[in-house]
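Please read the structure below before turning to the comments.
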Amino acid sequence: MSTQTQAVTTSRINVRTITVTAMFGAISAILMMFSFSVPLMPSFIKMDLSELPALIGAFAMGPASGVAICLIKNVINVFATTTGGVGELCNFLLGVAFVLPAGLIYKNLKTKKGAIIGSLSGAAIMAVLSVPINFFITYPMYTKFLPLDKIIGMYQAINPGVDGLLSCLLVFNMPFTFVKGLISVVITILVYKRLSPIIKGNDHIR
């Protein structure tokens with residue numbers, strides 16, 4: 001293959017990667033808008049599947065694309081934010097904590113096993129980091145609108161045994177975040193092999 005041909009091929013790949021990343025970012029933003037409350041969680045904690053396109057993108061096009069999808073999603077949603085952008089910042093940080101390690105592991109181990117190990121590791125890292133991110137960033141913002149004792153009271157209405165914000169985050173938010181990640185993991189493992197040829201040709205999970 002000549003240098004010119006290689007350059008054209010690389011250019012086409014870059015354009016495709018940028019285009020698909022932007023498209024997945026838009027899809028992710030739409031999914032983030034359709035968040036919903038779940039049982040056994042305070043009403044202000046929402047479930048959504050907006051990390052799903054980012055995880056698929058991280059596998060198909062590399063971890064940088066996964067991070068870019070998380071960024072695009074939150075930049076779009078910040079225009080309709082009710083948290084002054086703090087919620088979007090935390091969502092971005094948690095999304096990166098999920099898709100970056102998943103994408104890096106799969107990049108170095110491109111098998112179904114690598115995809116499972118990577119995505120589960122990302123879900124676990126996201127869950128653990130949800131505690132300090134929420135404790136130091138998210139909830140200090142929430143307390144500007146609602147007293148901390150009221151917030152904790154919403155947790156205690158579900159589980160009277162929690163005492164203090166850290167306890168609430170460990171008992172509620174961390175498991176919730178892990179389960180949220182697991183849902184994206186399961187869907188990705190089920191659909192990625194079919195989507196991969198559409199996204200990037202023949203390079204798929206074996």
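Just so you know, all these numbers are worked out from the coordinates, no wet-lab data involved. Computed from a predicted model, the values in this text were never measured in an experiment. Neighbour counts run over all protein chains shown; Cβ positions are idealised from the backbone, glycine included.
So if I place +1 on the C-beta of Lys and Arg and -1 on the C-beta of Asp and Glu, and nothing else carries charge, what would the dipole magnitude of the chain be about its Cα centre? I want it in debye, nearest 20.
800 debye
Note down the relative contact order for the chain as a percent, whole number, built from C-alpha pairs under 8 angstrom at least six residues apart. Before the final figure, lay out the partial values.
On the way: 282 pairs, mean separation 42.4, N = 206.
RCO, the chain: 21 percent.
Under a 5 Å amide H to amide H cut-off, with H placed in plane at 1.01 Å, what residues pair with M47 once short-range neighbours are removed?
F36, S37, V38
Can you find, among N134, S28, F172, the residue farthest towards the positive end of the dipole of the chain? Put +1 on the C-beta of Lys and Arg, -1 on that of Asp and Glu.
Positive-most Cα among the choices belongs to S28.
Just order 57-63, 139-145 by mean Cβ neighbour count inside 10 Å, highest at the front, would you?
Answer by packing, highest mean first, reads 57-63, 139-145.
Taking each full run of DSSP H in the chain as one helix, which ones are at least 20 Å long along their axis (Cα atoms) and have mean Kyte-Doolittle hydropathy of at least -0.5? Mind dumping the intermediate values first?
Working: long enough: 3-33 (45 Å, 0.76); 63-77 (22 Å, 1.21); 86-108 (33 Å, 1.27); 112-133 (31 Å, 1.37); 174-200 (34 Å, 1.26).
Answer set is 3-33, 63-77, 86-108, 112-133, 174-200.
Using helices alone, what [θ] at 222 nm do you get for the chain, with -39,500 (n - 2.57) per DSSP H run of 4 or more residues, divided over all residues and rounded to the nearest 500? Present the calculation step by step, with values, prior to reporting the outcome.
Numbers: 9 runs with 146 residues, N = 206.
After summing the helix terms and dividing by residue count, I get -23500 deg cm²/dmol.
So for each of 161-168, 27-34, 97-104, 131-138 I average, over its residues, the number of other beta carbons within 10 Å; can you give me the resulting order with the highest mean first? Don't skip to the end; give the middle numbers.
Details: 161-168: 15.0, 27-34: 18.4, 97-104: 25.5, 131-138: 16.5.
Answer by packing, highest mean first, reads 97-104, 27-34, 131-138, 161-168.
With Rg/Rh (Cα atoms, Kirkwood Rh) defined as stated, name the option among (i) 1.10; (ii) 1.04; (iii) 0.95 computed from the structure displayed.
(ii)
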